[in-house]
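Enquirer: Pasting a structure below so you can have a look.
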Amino acid sequence: MTFRMLATPIDPAALRVPLDYCGAGGCAIFEGRVRSRSGARSVRFLEYEAHGALAEAEGARIFAEAAGKFAILAAAGAHRTGTLSPGDLAVWIGVAAEHRGAAFDACRYIIDELKRRLPIWKKEHFLDGAAGWVDGA
């Protein structure tokens, strides 16, 4: 079970490697991407800031909780920091389990808890020149 904060683009193929188990009947993957719109406004780019060490430690706790709650074999994930454009991959979570239900449930639990608990801050920059911080990365 691994979770990392990254200042460089996320490599889904590399993150997927620890999920390749012969015994895994299901693998659930969530990819969170930067949207081109936020409400009625066009997004130019996002800035993600984080307390990296605290975010990775809390992420590790969340992954351990998921392993204790769900029958999963492996899980991996990463979240970006820095400037991201619409379409860029901001967060990636993957979970392998014997059965699809556990994989889906654990993947949803992990992303929901990451968004709720990690010290990550997101600032939206719009095409009209306005910018502002958003609650809940």
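Enquirer: Restricting to region 11-27, and then to whatever is hydrophobic (A, V, I, L, M, F, W, C), over 16 Å from the mean Cα position of the chain (by Cα) and exposed (fewer than 14 other Cβ atoms within 10 Å of the Cβ), can you tell me which residue is farthest from residue 108 (Cα to Cα)?
Expert: Here the residue is 22.
Enquirer: Could you list, ordered by first residue, the pairs with Cβ atoms under 7 Å in which the first is in region 52-74 and without any contact (Cβ under 8 Å) to a residue 40 or more places away in the chain and the second is acidic (Asp, Glu), at least 6 apart or interchain?
Expert: 70/105; 71/98
Enquirer: Residue under question is residue 49, and the condition is that it be among the charged types (D, E, K, R) and assigned to a helix (DSSP H, G or I); does it hold? Before the answer, list the steps.
Expert: On the way: among the charged types (D, E, K, R): yes; assigned to a helix (DSSP H, G or I): no.
Criteria not met by residue 49.
Enquirer: Which residue out of 30, 45, 3 is within 30 Å of residue 132 (Cβ to Cβ) and touching a Cys at 6+ places or on another chain (Cβ under 9 Å)? Explain how you work it out, then say what you get.
Expert: On the way: 45 fails: touching a Cys at 6+ places or on another chain (Cβ under 9 Å); 3 fails: touching a Cys at 6+ places or on another chain (Cβ under 9 Å).
30 is the lone residue from the list that is within 30 Å of residue 132 (Cβ to Cβ) and touching a Cys at 6+ places or on another chain (Cβ under 9 Å).
Enquirer: Can residue 120 be described as in contact (Cβ under 8 Å) with a residue 12 or more places away in the chain, touching a Ser or Thr at 6+ places or on another chain (Cβ under 8 Å) and of a type outside the set (Lys, Arg)?
Expert: In short, yes.
Enquirer: Same structure, new question: Scan region 67-90 for residues that are within 27 Å of residue 34 (Cα to Cα) and surrounded by fewer than 22 Cβ atoms within 10 Å (Cβ to Cβ) and jot them down.
Expert: Correct list: 74, 81, 82, 83, 84, 85, 86, 87, 88, 89, 90.
Enquirer: Anything in region 113-133 that is closer than 18 Å to residue 5 by Cβ and outside any loop (DSSP other than H, G, I, E, B)? List them, or say none.
Expert: 113, 114, 115, 116, 117, 120, 121, 122, 123
Enquirer: Out of 96, 137, which single residue is surrounded by 19 or more Cβ atoms within 10 Å (Cβ to Cβ), among the hydrophobic types (A, V, I, L, M, F, W, C) and at pLDDT 95 or above?
Expert: From the options 96, 137, the qualifying one is 96.
Enquirer: Sticking with this structure for a sec: Taking region 10-37 as the search range and keeping residues that are touching a strand residue (DSSP E or B) at 6+ places or on another chain (Cβ under 6 Å) and of a type in the set (A, V, I, L, M), which one is farthest from residue 94 (Cα to Cα)?
Expert: Result: 34.
Enquirer: Identify the residue in region 28-45 that is assigned to a strand (DSSP E or B) and closer than 19 Å to residue 11 by Cα and, among all such residues, is farthest from the chain's Cα centre (by Cα).
Expert: Residues of region 28-45 that are assigned to a strand (DSSP E or B), as a first pass: 28-33, 37-38, 41-45.
Okay, now just the ones that are also closer than 19 Å to residue 11 by Cα, so 28-33.
Details: 28: 13, 29: 10, 30: 7, 31: 7, 32: 6, 33: 9 Å.
Step by step, filter region 28-45, then rank; the result is 28.
The values are calculated or read from the model by the stated rules, or taken from the named source; none is laboratory data. Since the structure is predicted, the reported quantities are computational estimates derived from the model, not experimental observations. All Cβ positions, even for glycine, are placed from backbone atoms using ideal geometry, and neighbour counts span all protein chains on display.
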